[in-house]
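The values are calculated or read from the model by the stated rules, or taken from the named source; none is laboratory data. Computed from a predicted model, the values in this text were never measured in an experiment. Virtual Cβ from ideal backbone geometry, glycine too; neighbours counted across all protein chains shown.
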Amino acid sequence: MDLVVPRGAVVAVRGRSGVGKTTLAKIASLILRPESGRVVFLNRDVSRAGDSERAHLRLRYIGYIDQECALIEELSVRENIELSLRLVGAESSRDAVREVLEVLGLKGLENRRPRELSGGQRQRVVIGRALVKRPVLLVADEPFAHLDEETARSIMNYIRSLVTSSGMSVLITTTDLYTPLSVDRDYILENGVLRERS
């Protein structure tokens, strides 16, 4: 089955640990190349695109939330969030940065370094870095793993509002097989096979 993430839709791929969700997320975000099949992004087959073209598309149009909460330790919270804007040569939007800091509960932590943050705070910074540039596609690999239920729900509502206002597409992976999610399409990945949940 093909995985389709329509414009302005939120799609979930669920599966147990080790079934390939992270690999799928990295292929969707143009970090990895598929061994077979095609990746179509912005109506173009980018499966065999060169490294520079893939990097350009990724930086300009894709926000990626990794489950390792990878941050640059020498940069502050604000600088880590602004990084995705700076990498594409965009002016740092004070309003956009302020908005993600407030919505993600990071206000007052702007000048802290990653080593001074909890796991949940680090994850929220990674989420902020992906969202601040308003990507065409947001790929979120286990984005709520370190967050409490209330915070996760609040951030999901914020992502939903961005989908509504900007038409952003969202792909979320999760090991949670049962909790109802506010998504438009819900898939299960099992034994290398992707199927849509009824």
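Here are the numbers for this structure:
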item	result
In the stretch 164-198, the residues that are among the hydroxyl-bearing types (Ser, Thr, Tyr), more than 16 Å from GLU142 (Cβ to Cβ) and in a loop (DSSP other than H, G, I, E, B)	SER182, SER198
Test: THR179 is touching a Pro at 6+ places or on another chain (Cβ under 9 Å) and more than 20 Å from LEU83 (Cα to Cα)	no
Search result, residues across the stretch 148-165 that are of a type in the set (Ser, Thr, Tyr) and more than 16 Å from VAL11 (Cα to Cα)	THR151, SER154, SER165
Of all residues in the stretch 30-66 being of a type in the set (Val, Ile, Thr) and surrounded by 15 or more Cβ atoms within 10 Å (Cβ to Cβ), the one that is nearest to SER84 (Cα to Cα)	ILE62
Cβ-Cβ under 7 Å pairs, at least 6 apart or on other chains, the stretch 178-197 side more than 26 Å from TYR158 (Cα to Cα), far side of a type in the set (Ser, Thr, Tyr) and modelled with pLDDT of 85 or more	LEU194/TYR187; ARG195/TYR187
Considering residues of the stretch 11-50 that are among the hydroxyl-bearing types (Ser, Thr, Tyr) and under 18 Å from TYR61 (Cβ atoms) only, the residue modelled with the highest pLDDT	SER29
Conditions (1) without any contact (Cβ under 8 Å) to a residue 40 or more places away in the chain; (2) assigned to a loop (DSSP other than H, G, I, E, B): number failed by ARG98	(2)
Pairs with Cβ under 9 Å, 6+ apart, first in the stretch 8-29 and surrounded by fewer than 20 Cβ atoms within 10 Å (Cβ to Cβ), second among the β-branched types (Val, Ile, Thr) and part of a helix (DSSP H, G or I)	GLY8/VAL163; GLY8/THR164; ALA9/VAL163
So VAL125, is it in a helix (DSSP H, G or I), at pLDDT 95 or above, among the β-branched types (Val, Ile, Thr) and farther than 21 Å from VAL5 by Cα	yes
Total residues in the stretch 151-171, condition within 17 Å of VAL5 (Cα to Cα) and among the β-branched types (Val, Ile, Thr)	4
Residues satisfying the stated conditions in the stretch 99-131, i.e. surrounded by 14 or more Cβ atoms within 10 Å (Cβ to Cβ) and among the charged types (D, E, K, R)	GLU99, GLU110, ARG112, ARG113, ARG122, ARG124, ARG129
Within the stretch 21-58, tally of residues that are within 16 Å of the chain's Cα centre (by Cα) and on the phi > 0 side of the Ramachandran plot	1
